[in-house]
Amino acid sequence: MKEILISTRKMTKHYPAGEGKFTALKDITLDFGKGEFTGIVGPSGSGKTTLLNIIGSLDTQSEGEVIVLGRDISSLTTKESAALRSRDIGFIFQTYNLLPVYSVYENVEFPLLLLKMPEADRKKAVTEALEWVGLTAKIKSRPGQLSGGESQRVAIARAMVKKPHIILADEPTANLDTENSMNVLQTMQNLNRDMGTTFIFSTHDAKVIGFLQRKITLVDGMVASDEINGAAG
Amino acid sequence: MIWKLAWRNIQGAGLRSLINIIIIALVMIGIIWSQGMYEGWMRTAERESREWLNGDGRITHKLYDRFDPFSWDKSFEQIPENIQDLVDKGTAVPVLITSGTIYPEGRMISLIVKGIPAGQQFLKLPTAVLADGGDDIPALIGSNMAKSSHLKEGDIVTLRWRDMHGAFNAADIRIAAIMKTPYLEADNGQVWMDLERLQLMKDAPKTATFIVIKDAGDVPQTSDAWTFESIDFLLRDMHAMMKTEKTYGYLMFALLILLAMIAIFDTQVLAVFKRRKEIGIFAALGMTQKQIIRMFTAEGMLYAVFASVAAGILGMPLFIYFGTVGYRMPESYQDFGIEGLSEAVIFYYTPAMIISTVIIVVVITAFVSWIPTLRIARLKPTDALRGRMG
Ligand SMILES: Nc1ncnc2c1ncn2[C@@H]1O[C@H](COP(=O)(O)OP(=O)(O)O)[C@@H](O)[C@H]1O
Ligand SMILES: [Mg+2]
């Protein structure tokens, strides 16, 4: 049995909506093991982003339990959850979310600055991360000068540079064409294989399905299916 | 780390940062420049007052009131012996005051007649011209007085005065010289003549109304009839006026600072709104709210620090020019009779002035940068990432 990094138990998320509330996730009970390459699929509005945000401690559940790396995330202070994100969790977003005023190098360096890594180590780590995504030639560029595919690869480098346990990617290929999507997925898959990092990402992109080891389908905030995909890898 | 990031943000913001820095720098230059002006003006006025009439203070007859001509008939007395010693040593100058009237070309002008030893050395008044005797009485007037009374050098005019017994007398005086003095209290409405002559005219030998002292540390004990007036006391009117001027000046700075701060506040508020997505990213990457707030505040402080440097560089030529060449008020202003303005005012800058300006601007800028970040504290990372305010 693989080591479990994330587990949710009967986790429910309500959003306030007008007078009442809207239930975005209902009774989610899932375990994510170390080194998984898992996709959460489902139509728009099915609760994928909400689930990733809660796992990533950017948000908290309304009911139930969420344990990430041994910690009950609903009990964390804002400072503790920030520390968890800065050390152990990397985010990748649909819209890349690079810091526009920073260069590629500075974007990738940023998480290491937060970790107060010494300059020399930082430099090595950033260079290495940019090698993983094949962007060493662009270190001085600004995000505005990059293509979508390049931007997403910088985002991957930024998420991976601190070698976190978990990468959460919210529709990472939704804004990319097929070629770039394949490239980004390939990059993530290689990192998952070589470094053992757990990847959980949401998608409603059919191209992605073939890459998945495990596919969790959400419908209306509930788990509709949870399948292991033998063909992956 | 926070400072490094703040610095990156400033660099990244490019032109916007530059504009902010220049605005703050201009405000700082304005503040230091005008403070330098007030300080220089005050020093000039004080120096003139010391050099021309007030020395290091004076021993004045208790009954003397410079605004009340009736007091002048009672407010003189024999110069105390120990003060006469100072006069003989040349470290004190007695002045006798009386009221008089002149009749140039049939007009009648009331004036203050001041007697001062023709041989005195330490006041700048060109009293030597008063010594040259002859039949008529040599008198000295200032250029403003000459203008208002239409008197020219060499004019002879009848002066009427009362002696100490109350009897009226008249004699001709000759305008021996017209002096240009920046110290208007020695000019407007006054005529100077030799002390001994005036004492004779008043039939009050060896008397004075006040005695100007060269060194306040040197003031001897005197009888109750006399009182020592320090230079600060004598300059109180000027200080009061300067205070009003300064208050207006400060109001101006306040306005300037306000404008600069609105500019910064605006950028920072904009930043918090425009950069809320960025704030979400910072949060997602593991920055705490505190760190984000500190980073924004640090940005503001860095603006002010760079602005200080820029103000130093941009303002230096201006400061040096006004600190050496100075500034001369247009002639028309001189007629207002504002002390110290008829000479070029050499601006004077003090370290305290510069340091306090820098500190005030840095603190205010930091504060103004910090206020908008309070909204960040209420922002949930997920909302920020969506680009929404919580
Ligand atoms: N902050 C929020 N406030 C209210 N409703 C929200 C909020 N975030 C998401 N929702 C709603 O929750 C549901 C799930 O959203 P989301 O997790 O973004 O789905 P997905 O990522 O699968 O498209 C949607 O109906 C959405 O409108
Ligand atoms: Mg979504």
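Computed quantities for the displayed model
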| read-out | value |
| --- | --- |
| The stretch A:8-34: number of residues that are within 20 Å of A:T197 (Cα to Cα) and either within 16 Å of ligand 2 (Cβ to nearest atom) or open to solvent by 20 Å² or more (accessible area, probe 1.4 Å) (or both) | 2 |
| Test for B:V27: is it hydrophobic (A, V, I, L, M, F, W, C), buried (at least 20 other Cβ atoms within 10 Å of the Cβ) and more than 30 Å from A:S103 (Cα to Cα) | yes |
| Among (1) more than 14 Å from chain B (Cβ to nearest Cβ); (2) within 16 Å of ligand 2 (Cβ to nearest atom); (3) open to solvent by less than 50 Å² (accessible area, probe 1.4 Å); (4) under 19 Å from A:L51 (Cα atoms) - the single one A:L176 does not satisfy | (4) |
| Leading residue by the ranking (farthest from the other protein chains (Cβ to nearest Cβ)) among those in the stretch B:269-290 that are assigned to a helix (DSSP H, G or I), without any contact (Cβ under 8 Å) to a residue 40 or more places away in the chain and in contact with a helix residue (DSSP H, G or I) (Cβ under 9 Å, 6 or more places away or on another chain) | B:L270 |
| All positions within the stretch B:229-268 that are within 20 Å of B:V368 (Cβ to Cβ), away from chain A (no Cβ under 14 Å) and surrounded by 16 or more Cβ atoms within 10 Å (Cβ to Cβ) | B:F253, B:L256, B:I257, B:A260, B:M261, B:A263, B:I264, B:F265, B:Q268 |
| Any strands (runs of 3 or more DSSP E) falling wholly within the stretch A:1-118 and containing at least 2 residues that are more than 11 Å from chain B (Cβ to nearest Cβ) and within 20 Å of the chain's Cα centre (by Cα) | A:4-17, A:20-33, A:37-41, A:63-68 |
| Filter pass, B:G36 being in contact with a Ser or Thr (Cβ under 7 Å, 6 or more places away or on another chain) and under 30 Å from B:Y248 (Cβ atoms) | no |
| Selection within the stretch B:205-225 - in contact with a strand residue (DSSP E or B) (Cβ under 7 Å, 6 or more places away or on another chain), open to solvent by less than 60 Å² (accessible area, probe 1.4 Å) and not in a strand (DSSP E or B) | B:T209, B:A216, B:V219, B:T222, B:A225 |
| Checking B:I141 against (1) in a strand (DSSP E or B); (2) open to solvent by 40 Å² or more (accessible area, probe 1.4 Å), the condition it does not meet | (2) |
| Options A:I73, A:I55, A:I89, A:I67: the member that is among the aliphatic types (A, V, I, L, M), within 15 Å of ligand 1 (Cβ to nearest atom) and touching a strand residue (DSSP E or B) at 6+ places or on another chain (Cβ under 9 Å) | A:I55 |
| Residue within the stretch B:96-104 that is at pLDDT below 85 and more than 14 Å from chain A (Cβ to nearest Cβ) present | no |
| Which listed residue is without any contact (Cβ under 8 Å) to a residue 24 or more places away in the chain and within 14 Å of chain A (Cβ to nearest Cβ), from B:K4, B:K89 | B:K4 |
| Residue in the stretch A:123-139 that is within 13 Å of chain B (Cβ to nearest Cβ) and either outside any loop (DSSP other than H, G, I, E, B) or of a type in the set (S, T, N, Q) (or both) present | no |
| Top-ranked residue in the stretch A:35-48 [being away from ligand 2 (no atom under 12 Å from the Cβ) and open to solvent by less than 10 Å² (accessible area, probe 1.4 Å); ranked as farthest from A:A24 (Cα to Cα)] | A:F37 |
| Selection count where residues are within 14 Å of chain A (Cβ to nearest Cβ) and modelled with pLDDT of 80 or more, scope the stretch B:338-383 | 4 |
| Failed item, numbered, when A:S103 is tested on (1) over 17 Å from B:T382 (Cα atoms); (2) within 16 Å of ligand 2 (Cβ to nearest atom); (3) open to solvent by less than 40 Å² (accessible area, probe 1.4 Å) | (2) |
| Condition met for A:R153 (crowded, with 17+ Cβ neighbours inside 10 Å, more than 16 Å from ligand 2 (Cβ to nearest atom) and modelled with pLDDT of 95 or more) | no |
| Filter result for A:V161 (within 16 Å of ligand 1 (Cβ to nearest atom) and not hydroxyl-bearing (S, T, Y)) | no |
| Check on B:R160, of a type outside the set (A, V, I, L, M, F, W, C), open to solvent by 60 Å² or more (accessible area, probe 1.4 Å) and modelled with pLDDT of 90 or more | yes |
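The values are calculated or read from the model by the stated rules, or taken from the named source; none is laboratory data. Treat the numbers as computed from the prediction; the structure is a model and nothing was measured. No Cβ is skipped: glycine too gets one built from the backbone with ideal geometry, and neighbour counts run over all protein chains shown. Ligands, DNA and RNA are excluded from the accessible area calculation, which covers all protein heavy atoms including side chains. Shrake-Rupley method; radii C 1.70, N 1.55, O 1.52, S 1.80 Å.
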